[in-house]
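Since every read-out is calculated from the coordinates, none of them should be taken as a lab result. Being a predicted model, the structure only gives us computed values, none of them experimental. Positions of Cβ are generated from backbone atoms using ideal geometry, with glycine treated the same way; all protein chains shown enter the neighbour counts.
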Amino acid sequence: GLHFTLRSRDGYERWRDPFLLAAILIPILALIGFAVGGREAGRMTMAPDIITDAQIVMFNQNVTWAKTIFYGLVGGFVAFVGIREIRVRTTRQITVRFVGHGVRKLAPGATVLEMFRRFGIPHAALCGGRARCATCRVLVLDGGDGLPPPGPNEAKLLRRIAAPDRVRLACQIRPRDDLQVQILLASRLNPTTPSQLETDANIGKRGLTVVVADLRAFSDLSARQLPQELIGLLNRFFDEMAQAITAHGGRIDAFYGDGFMAVFGLEGTPARSAQTAIAAAADIVRAVEALNREFGAALPLPLRIGIGIHSGQAITGAVENDSLGRRDITVGETVAVAMQLELATRRVLADILVSEDTIRASGRSYRGTTSLKITIRGREKPLSAVGFASAPELADAVDDSGAAEPTLIEATVAAAPDAVEAGAGGDGFAPAPVPEATTSEEPAPVKPRRTPRRKATAKAPDDPAS
């Protein structure tokens, strides 16, 4: 424990061997003292006339054997350290040139990653040198011909990142001849510090449910509100949203101006995460309706919100820098699809769009709902989603006994953006094209609030406030 605590501190290297000697001697001395003390106590409890000469001779022999073993262990350790030091000084040394970090001479046998750590050269190694992350990769500029070929794990990882021929993993190569390498991913973090190990433990790919929400027509609202009133309204809005998310076990990952993204499923089962995400979305809509009642005439137009929910595999981890500190993030296709579902809510006149992947994961069915068959660029198969015009409609539609096959509406949504551009589309997100129904018959539309029903063949209005 002391070794793993102190190994990253400066100056510990020269005290490591004495500490190792103490770690070996202390338990041995304790055991010898325990044995000798026990025998002494046994002799004290016996009457002097009971102790025979044979017992005294046996006791002295045991003490002699204990001393012999003790001094033998100490001598063996000293001999080991001495032989190792002589071997290091007499063994042929190799020269390793680290581009930008000087030249080092050392005995062969260590990996390049171990050399980085020994000489204090900044580097990245999120997996700790187990050939899993490829962050320790280096470019071999000279001496690569003398390196052994990549092993199965290294070769598989290099193929996965499409690495050039001269790129190798520093944790897997043990140079026997002179070498020159260049670090490709330098890091200011020491990979042996607890902070780095904690970051590595949080990185992973898991099944999550992502909720993306955004206020409708926020540009029009901000143009008619005083700055102080607008910021106060946003503070109140985000406070209500945070309470709705955390009450159901979710985590808010990011705020996008007048919108936010939350994730569910960091703990618990996929079914539980889908159920809590849908329940949180209903509470979000109710909270927005409560804000409309509270602010009333102070708002030039009522608040409306669009929510997209999707379940699937996503990558979670943490990023850290000096200006922003440490932040948990969630990225992946699941996040992008949830964003596109939120964009589609304003086109189909629904407050909530839930993908059928989330419906399926929740283990519940919803009666009387309309399923939208949405085509998203970048995906071969269309995405089916269920729309709800209000929180009461979502609550009333729950049917644990099963539901009939919903009506499908063909719609097209723009490709999922990799990043959200502030101010795009007037609402903090990039605008999506208006979906058009491809059937000539009138499907069962999603029931809008304060908006009359429209035929499937008609285009949705371009005004997001409607």
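So if R0 is 35 Å, what FRET efficiency would I329 and V81 give, r being the distance between their Cβ atoms, rounded to the nearest 0.05?
Computed FRET efficiency for I329 and V81: 0.15.
Taking Cα centroids, how far is segment 288-337 from segment 255-271 in Å?
8 Å
Modelling each spin label as a point 7 Å along the Cα-to-Cβ direction, I'd like the F70/E380 distance in nm, to one decimal.
7.4 nm
Using R₀ = 56 Å, calculate the FRET efficiency as 1/(1 + (r/R₀)^6) where r is the Cβ-Cβ separation of R159 and A54; round to 0.05.
Computed FRET efficiency for R159 and A54 comes out at 0.15.
In nm, what is the difference between 0.36 nm times the number of residues separating E320 and A107 and their Cα-Cα distance?
Extra length from E320 to A107 when fully extended: 73.1 nm.
Cβ neighbours within 10 Å, averaged per peptide: list 214-226, 298-310 in order, most packed at the top.
Output ranking for 214-226, 298-310: 298-310, 214-226.
Measure off 7 Å from each Cα along the Cα-to-Cβ vector at R166 and A22, then give the distance between these two points in nanometres to one decimal.
Distance between the two pseudo-spin positions: 4.8 nm.
Would you mind working out the magnitude of the charge dipole of segment 2-90 relative to its Cα centre, with +1 at each Lys and Arg C-beta and -1 at each Asp and Glu C-beta, to the nearest 20 Debye?
480 debye
Sorted by average packing, counted as other Cβ atoms within 10 angstrom per residue and highest first, what order do 159-170, 355-366 take?
Numbers: 159-170: 14.5, 355-366: 20.4.
Sorting 159-170, 355-366 by mean packing, highest first, produces 355-366, 159-170.
Kindly state, to the nearest 0.05, the FRET efficiency for F255 paired with R92, given R0 = 45 Å and r defined as their beta-carbon distance.
So the FRET efficiency works out to roughly 0.15.
Based only on other Cβ atoms within 10 Å, what is the fewest-to-most ordering of E229, E294?
On the way: E229 14, E294 10.
Ordered from fewest to most neighbouring Cβ atoms within 10 Å, E229, E294 come out as E294, E229.
Sort 54-60, 136-142 by packing, meaning the average of other beta carbons within 10 Å per residue, with the highest value first. Please report the intermediate quantities before stating the final value.
Working: 54-60: 11.4, 136-142: 19.4.
Highest mean packing first, the order is 136-142, 54-60.
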